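Below is one structure, written out as structure tokens, with a few remarks after it.
Each reported figure results from applying straightforward, stated rules to the coordinates on display, with no laboratory input. All values derive from a computational prediction rather than experimental measurement. Note that each Cβ is placed from the backbone with ideal geometry, even for glycine, and that neighbours are counted across all protein chains shown.
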Amino acid sequence: MVDSINIQVEQSPDSRLSQVDFNNLKFGQILSDHMLVASYDKGSWQSVRILPYGNLPLSPATSALHYGQAIFEGIKAYKFEDDRVSIFRPDKNYERFNKSAVRLEMPEVPEEIFIDGLAKLIDLDRNWVPSTPGASLYIRPFMFGTEAALGVHPSASYQFIIITSPVGAYYNKPLRVKVEIEYTRAAEGGVGFSKNAGNYALSLYPTRIAQQEGYDQLIWTDAKEHKYVEEAGTANLVFKVGDTLITPSAETILHGVTRRSIIELARHWGYKAEERKVTVQELLEGIENGTVTEAFAAGTAATLTPISVIGFDGKDYTLPDPDNREFSNRVLAYLSDLRYGRIEDPFGWNYVIG
Ligand SMILES: Cc1ncc(COP(=O)(O)O)c(C=O)c1O
């Protein structure tokens, strides 16, 4: 498959690997030796190359900088104890990437470039996949409009690029989150389900305000009534209410690979799991009367991060101690064992590149 689109490789003359402190990885600060760059022009993909990581020459008129045709994905690769490298469910990110592309009026990326290119890049930079506990290689595929012209229209040309970064934990403590009822992330008919750059730009100001109020993150609510819980800033939400796992459903949220895996696991283990609308009121009442026993953020970067406090309208609602959360701790341990190849993979979620 890799060879149906020819991927040329130019190896970096000197590796930066020896400068990396794998015991002290901050999220996203260090970029690996190589990147994959594919160019789209005149209606087709023109060239696919793996190059030494480096800067891009860009025209100031580059259309993505003005009109925002920019989408991305976040995936992780893990190092097994036997040194093999495995990528977690990249097929799901591939599907989501092309959904984002269609909504943003951008070309879809062929599987031979996205999946096979990814595997080839990670194989070349396999020594960048950390073997330190809890660490992984974060993979960032992205695409943006490159046409050097002003005027609102779909860009005539694009670049699809994959860069990677060895990372430790994104969050290193349970989260205090604020239910956001003034600002809106996404409205029905908009682009909330897509992973486009603008969704993150608009989150920065409300997130800073929440942080100034002593919270780590936001919980977004629906645009119309601010009545339904949607998702967190960089992750989906899952709650355990009684004996049931519940995750908010809405066309406006990003449909995460992590929460999907967790819901599939929960059902496999015999838990009841529901994807449905969740009201803020139901959630807060459930915390107060003790039926909501667990809450966590689920995402590729966040993995599974417990939520300790939910703030609403100036009042904090405290959840039970994260150490005693039966489902969260079980799922976190299981997913970690599976991703690092310590147990069988009954679902076929690991894409092992050898
Ligand atoms: C806004 C948002 N929601 C949810 C998620 C979770 O998606 P996934 O589990 O596919 O990483 C992410 C990304 O990590 C995100 O940025």
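Given R0 = 41 Å, the distance between the Cβ atoms of Lys26 and Asp91 translates into a calculated FRET efficiency of 0.90. Cross-link partners for Lys42 among the aspartates and glutamates, with Cα-Cα distance under 16 Å and sequence neighbours closer than 8 places in the same chain left out: Glu105, Glu108, Glu147. Among the chymotrypsin sites (Phe, Trp or Tyr not before Pro) in region 285-324, none is located in a DSSP loop while being surrounded by at most 16 other Cβ atoms within 10 Å of its own Cβ. Between Ala333, Ser203, Tyr351, the Cα set farthest toward the positive side of the dipole of the chain (charges on each charged residue's Cβ, about the Cα centre) is that of Ser203.
A simple spin-label model places the labels of Asp316 and Ser15 4.6 nm from each other, with each point 7 Å out along Cα-to-Cβ.
Ordering Tyr94, Tyr78, Met35 by Cα displacement along the dipole of region 1-98 toward the positive end leaves Tyr94 in first place; charges were set at the Cβ atoms of Lys, Arg (+1) and Asp, Glu (-1). In the elastic network of the chain, a GNM with C-alpha springs shorter than 10 Å, the most mobile of Val20, Val177, Val129 is Val20.
Dipole of region 260-338 computed with +1 at Lys/Arg Cβ and -1 at Asp/Glu Cβ about the Cα centre; of Gly270, Ala297, Gln281, farthest Cα towards the positive end is Gly270.
Using C-alpha pairs under 8 Å with a sequence gap of at least 6, the mean separation divided by the residue count of the chain gives a relative contact order of 18 percent. Can you pick out the pairs among Lys26/Lys315; Lys79/Lys178; Lys26/Lys99; Lys240/Lys315; Lys99/Lys277; Lys92/Lys120 whose Cα atoms lie more than 28 Å from each other? With Cα atoms farther than 28 Å apart: Lys26/Lys315; Lys79/Lys178; Lys26/Lys99. Both radii come from the Cα set of region 175-339: Rg as radius of gyration, Rh as Kirkwood radius; their ratio Rg/Rh reads 0.94.
His268 to Ala197: extension gain in nm, 0.36 nm per residue of separation minus the Cα-Cα distance?
22.1 nm is the gain from fully extending His268 to Ala197.
Here the chain is treated as an ellipsoid with the same Cα gyration tensor; its semi-axes, largest first and in whole Å, are 34, 25, 18. Compactness of region 8-168 was expressed as the Cα radius of gyration divided by 2.2 N^0.38 Å, which yields 1.07.
Describe numerically, in nm with one decimal, the distance between label points set 7 Å from Cα along Cα→Cβ at Ser249 and at Leu51. Going from the Ser249 label point to the Leu51 one covers 4.5 nm.
The order of Ser44, Ser249, Ser155, going from fewest to most other C-beta atoms within 10 Å of their C-beta, is Ser44, Ser249, Ser155.
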